[in-house]
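Remarks on the structure that follows.
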Amino acid sequence: MYNIKPKTFDFKSVNGISAKQLDEHYKLYVGYVNTLNKIWNIPYIPENYTDSNSTYSNMRSLKLGETYSLDGVKLHQLYFQNMTGGNNTPSGPLLNAIIDQFSSYDRFISYLTNVGLSMRGWAILAIDSIDNKFHIIGSDLHDTGAVWLSYPLLVMDVYEHAYFMDFGTDKRKYISTFINNINWGVLNNRFANYVSSLQINNMNANMKRYSPYPFEFHY
Ligand SMILES: [Fe+2]
């Protein structure tokens with residue numbers, strides 16, 4: 001029996017986005033959690049899927065709903081976590097690595113902002129396992145544009161539901177408000193987790209033989 005529980009977040013720490021906007025957004029997240037539990041608790045009964053095909057079928061509906069709600073849950077948890085709790089001064093090893101790759105913090109923020117303005121769903125700073133470098137991934141839907149084996153460090157929701165109540169069409173103002181609420185403690189913890197996983201992998205010589213990805217960390 002699947003019974004994933006919604007996580008809770010300290011929305012009182014958020015500046016510039018109203019409690020009403022955040023509460024309505026949180027309700028959407030809870031809805032994804034409930035839908036995911038519902039989908040994962042459907043037993044597989046072969047007789048219910050005798051019509052499976054890729055235009056319309058029970059299995060197709062189930063699988064599309066599964067990835068949409070699962071990614072919706074994960075991305076909202078990462079988003080709410082990295083915009084709550086304070087620690088809003090850019091700092092730490094992640095900031096240094098960002099400056100190293102993007103030339104400056106301002107260039108990174110400019111790139112992130114333009115990705116956010118250009119997409120309808122998400123803008124995500126990730127480290128991709130294929131080169132262990134930062135990439136800002138743009139996505140229009142929870143499960144569209146998702147990249148496998150890419151590790152998210154900073155997740156920004158740019159769906160209209162994330163800002164329209166407070167900012168109307170002024171998406172740029174929402175993005176700058178979100179950026180001011182980024183919790184750099186959370187980001188640096190995620191970065192440290194990724195680096196430590198690389199170090200563990202580096203120690204395991206056998207794993208190198210089986211992995212298609214480089215384990216050397218370049219920062
Ligand atoms: Fe959202």
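Based only on other Cβ atoms within 10 Å, what is the fewest-to-most ordering of 148, 40, 122?
148, 40, 122
Considering the options 202, 103, 183, tell which one lies farthest towards the positive end of the dipole of the range 16-219, charges being +1 on Lys and Arg and -1 on Asp and Glu at the Cβ, about the Cα centre.
Highest projection toward the positive end goes to 202.
Using Stokes-Einstein with the Kirkwood hydrodynamic radius over Cα pairs, what translational diffusion coefficient do you get for the chain at 20 °C and a viscosity of 1.002 mPa s, in µm²/s rounded to a whole number?
After rounding, the answer is 112 µm²/s.
Need the list of lysines near residue 12 for cross-linking: C-alpha distance under 26 angstrom, and skip anything on the same chain fewer than eight residues off.
Excluding near neighbours in sequence, the set is 20, 27, 74, 171, 173.
Only counting other Cβ atoms within 10 Å, I'd like 5, 171 sorted with the fewest neighbours first. Present the calculation step by step, with values, prior to reporting the outcome.
Numbers: 5 8, 171 17.
Fewest to most other Cβ atoms nearby, the residues stand as 5, 171.
Once amide H atoms are placed 1.01 Å from N in the peptide plane, what residues at a sequence separation of 5 or more from residue 84, or on another chain, have their amide H within under 5 Å of its amide H?
Correct list: 183.
Quickly work out the residue 24-to-residue 149 label distance, labels modelled 7 Å from Cα along the C-beta direction, and quote it in nm with one decimal.
About 4.1 nm separates the two model spin labels.
Would you list 155, 186, 147 from fewest to most Cβ contacts within 10 Å?
Fewest-to-most Cβ neighbours within 10 Å comes out as 147, 186, 155.
Please give the calculated 222 nm ellipticity per residue for the chain, where each DSSP H segment of at least 4 residues contributes -39500 (n - 2.57) and the sum is spread over every residue; nearest 500 deg cm²/dmol?
-16500 deg cm²/dmol
Please check which bits of the range 113-154 a label hung off residue 196 would reach, taking the label as a point 7 Å along Cα-to-C-beta and the cut-off as backbone N under 11 Å.
Those under the cut-off are none; the list is empty.
Can you give me the Cα centroid spacing of the range 145-163 and the range 72-139 in angstrom?
Result: 9 Å between the Cα centres.
Give me the one-decimal nm value for the distance between modelled label points at residue 60 and residue 159, 7 Å along each residue's Cα-to-Cβ direction.
In this crude spin-label approximation the distance works out to 2.3 nm.
Please work out how much length the chain gains when fully extended from residue 99 to residue 2, using 0.36 nm per residue of separation minus the C-alpha to C-alpha distance, in nm with one decimal.
Additional length available on full extension: 30.7 nm.
Rule-based calculations on the coordinates, nothing more; no lab input. Every value quoted in this text rests on a predicted model; they were computed, and no experiment measured them. All Cβ positions, glycine included, derive from the backbone under ideal geometry; neighbour counts span all protein chains shown.
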